[in-house]
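Encoded as structure tokens, the structure appears first; notes follow it.
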Amino acid sequence: MAMKSILIVEDDITYAMMLKTWLGKQGFQMASASSIARAQKYIETESVDLILSDLRLPDRDGTDLLKWLGEKKLPIPLIIMTGYADIQSAVQAMKLGACDYIAKPVNPDELLKKINEALQTAATPQPVATPTRPAAESSDFLEGESDTARQLYNYVKLVAPTNMSVLINGASGTGKEYVAHRIHQLSKRASQPFVAIDCGSIPKELAASEFFGHVKGAFTGALTDKTGAFVEANGGTIFLDEIGNLSYEVQIQLLRALQERKIRPVGSSKEIQVDVRLVSATNENLEQAIEKGTFREDLYHRINEFTLRMPPLKDRREDILLFANFFLDQANREMDKQLVGFDDKACRLLLDYPWPGNLRQMKNVIRRATLLATGKYITPLELSDLPETNTPAATLPLRNEETEKQHIIEALRQTGNNKSRAAQLLGIDRKTLYNKLKLYGIEV
């Protein structure tokens with residue numbers, strides 16, 4: 001049977017190359033284009049079974065490619081790639097004919113599953129590759145094992161089944177968006193939509209339209225009716241990231257929508273009944289914003305029926321190596337590499353660094369290190385972005401028999417029972433670790 005062909009439309013050449021390489025190894029014939037215009041030229045001359053397109057391209061948007069395919073009557077399934085903050089736009093893209101969307105950074109196994117489904121829906125007789133890892137393992141986030149992490153996710157499990165409005169407070173890069181998704185997944189609304197809005201990126205004059213929609217002709221540029229986020233999320237959950245950035249006027253409209261459970265599209269005289277669960281996030285001190293007069297106190301109490309505080313990574317020291325190895329596993333899959341882990345000095349560097357950019361910074365640092373690494377282990381050479389500190393070594397060296405067993409158990413706990421990484425952390429080789437496990441009767 002003929003090999004299925006996929007066209008990647010992505011202006012990030014390195015990212016496109018990584019996707020091409022990985023999907024090529026799954027048995028697909030791959031091609032890429034860095035703009036909509038080039039994609040159109042390729043589609044007109046070559047056979048394409050599926051398109052994987054970024055939402056934002058230099059010349060136009062992925063939605064323009066969808067419209068063009070519709071005009072040309074080309075029934076090629078198209079999957080949109082988008083950042084989570086653009087999910088509402090992805091929903092609009094699906095209305096224009098996209099068969100699915102996937103959030104960046106793309107999880108390879110999830111992508112493969114979506115490609116499989118799209119090609120099957122397009123009635124292709126050939127079965128395509130299935131994910132090599134079980135769905136339970138293909139999570140794009142790790143919750144952690146530190147006391148602070150356990151407490152946070154215990155609170156998430158408690159509040160998720162309720163209808164309480166949740167405010168997630170935490171610094172940038174701490175994983176607020178994941179927690180919002182998790183609340184939705186564990187709620188009674190899990191089968192309904194989850195719509196995310198980045199309040200920091202919406203122009204003030206368009207915020208009401210994004211939230212509540214508008215009717216054609218409501219303002220200059222309103223060429224068609226638009227469905228707002230509250231209607232898109234009806235029955236489900238709406239996530240307002242960086243809610244402190246909303247203008248005072250929009251805060252008033254938002255408060256009214258939450259109190260009355262009704263919205264009115266801009267330019268319309270009709271009210272629409274909505275049932276949404278609100279999850280908000282901020283890295284600001286909203287109580288200070290209330291004192292300054294930039295945030296309404298009545299809205300604050302409405303969105304803050306339950307507060308979750310995201311701990312910074314530096315306060316989750318027990319989780320640092322767990323996350324580092326988790327991000328390494330992701331980067332290995334993404335770049336088709338087989339790095340084993342971090343050497344002793346690299347572990348110390350990761351543990352001693354204060355991580356001002358939290359998990360987002362760590363993920364970027366590990367991806368870069370994985371790309372640069374030439375041996376089996378990541379070394380301080382690949383972590384040159386992180387300045388070495390003079391704090392005591394963060395490894396767990398074996399000094400005497402009285403503390404050995406305790407250190408081995410701790411190393412295994414920190415590394416999720418990965419013996420290779422535990423041996424690195426302990427400063428011994430894998431064979432020595434096996435001997436010590438046998439000696440002390442430690443079962444893993």
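Laboratory data are not the source of any read-out in this text; all were calculated from the coordinates shown. Here the structure is a predicted model, which means the values were calculated and not measured. FYI the Cβ positions are ideal-geometry reconstructions off the backbone, even for glycines, and counts take in every protein chain you see.
Things to note:
- Here the simple spin-label model places points 7 Å from the Cα toward Cβ, and for Arg360 and Gln273 these points are separated by 3.9 nm.
- On Cα atoms only, tilt of 401-414 relative to the major axis of the chain in degrees: 20
- Helix-only mean residue ellipticity at 222 nm for the chain, each DSSP H run of n ≥ 4 adding -39500 (n - 2.57), per residue, nearest 500: -13000 deg cm²/dmol
- Residue exposure proxy: Glu249, Glu410, ordered by other Cβ atoms within 10 angstrom of their Cβ from fewest to most, comes out as Glu249, Glu410.
- For region 263-318: rounded, prolate or oblate by the Cα gyration tensor [a/c cutoff 1.5]: prolate
- Distance between the 7 Å Cα→Cβ label points at Glu443 and Glu318: 2.3 nm.
- Legend: distances between Cα atoms for Lys363/Lys405; Lys216/Lys262; Lys20/Lys41; Lys345/Lys376; Lys67/Lys114; Lys113/Lys419; pairs beyond 26 Å are Lys363/Lys405; Lys113/Lys419.
- Amide H contacts under 5 Å for Ser5: Gln29, Asp49, Leu50, restricted to partners 5 or more places along the chain or on a different chain, H placed in the peptide plane at 1.01 Å from N.
- Gyration tensor verdict on region 401-440 (Cα atoms; rounded if a/c is under 1.5, prolate if a/b is larger than b/c, oblate otherwise): oblate
- Label point at Ser191 placed 7 Å out along Cα→Cβ; residues across region 232-247 whose backbone nitrogen lies under 18 Å: 233-237
- Sequence ranges 224-231, 379-386, ranked by mean other-Cβ count within 10 angstrom, highest first: 224-231, 379-386
- Residue exposure sequence - Arg421, Arg368 - by fewest surrounding Cβ within 10 Å: Arg368, Arg421
- DSSP bridge orientation in the chain - percent antiparallel, rounded to nearest 5: 10
- Of the chymotrypsin sites (Phe, Trp or Tyr not before Pro) in region 255-354, not one is in a loop by DSSP (not H, G, I, E or B) with at most 10 other beta carbons within 10 Å.
- Among the listed options (1) 48; (2) 33; (3) 42, the one matching percent of Cα pairs over 38 Å apart as calculated from these coordinates is (2).
- Compared with the rule-of-thumb size 2.2 N^0.38 Å for a compact globular protein, region 154-213 has a Cα radius of gyration ratio of 1.28.
- Tensor-based shape of region 161-292 (alpha-carbon gyration tensor, a/c under 1.5 rounded, otherwise prolate or oblate): oblate
- The chain: angle of helix 358-372 to the longest principal axis, Cα-based, in degrees nearest 10: 70
- Annotation: the residues Leu286, Leu186, Leu254, sorted from fewest to most other C-beta atoms within 10 Å of their own C-beta, follow the order Leu186, Leu286, Leu254.
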